[in-house]
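Structure first, then comments.
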C-alpha cells in the first residue's frame, strides 16, 4: 500500500461505478473527494486521521472500510 497523490485519488473518485482502493494513508482533501462519490467504494487505509474520518463520515454513497491499522477512538466514533 502506498500513499497516492491527491490528484490520483481525485481522478479515481471521479470514476463512475464501484471503486476499491488500498492506501497507506488518506489526506483530508482526498477523503472529501471520496465522500462525494455516489457509487460504492471499498477503502483499505493503514492510517486514517480524525479529519479524514470526519470527511468520510459525511459520505453520500456507500463506503465499506477494510482494514484500518491506525485510527484514534475519536476517528472511529466518527465513522460509526
Q. Taking region 1-40, which residues are without any contact (Cβ under 8 Å) to a residue 12 or more places away in the chain, surrounded by 13 or more Cβ atoms within 10 Å (Cβ to Cβ) and either more than 12 Å from the chain's Cα centre (by Cα) or within 18 Å of residue 57 (Cα to Cα) (or both)?
A. 8
Q.
Restricting to region 55-78, count the residues that are crowded, with 16+ Cβ neighbours inside 10 Å and over 10 Å from the mean Cα position of the chain (by Cα).
A. 4
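Every read-out reported here was derived from the displayed coordinates using simple, explicitly stated rules and does not represent laboratory data. Predicted model only: the values in this text are computed from it and were never measured. Virtual Cβ from ideal backbone geometry, glycine too; neighbours counted across all protein chains shown.
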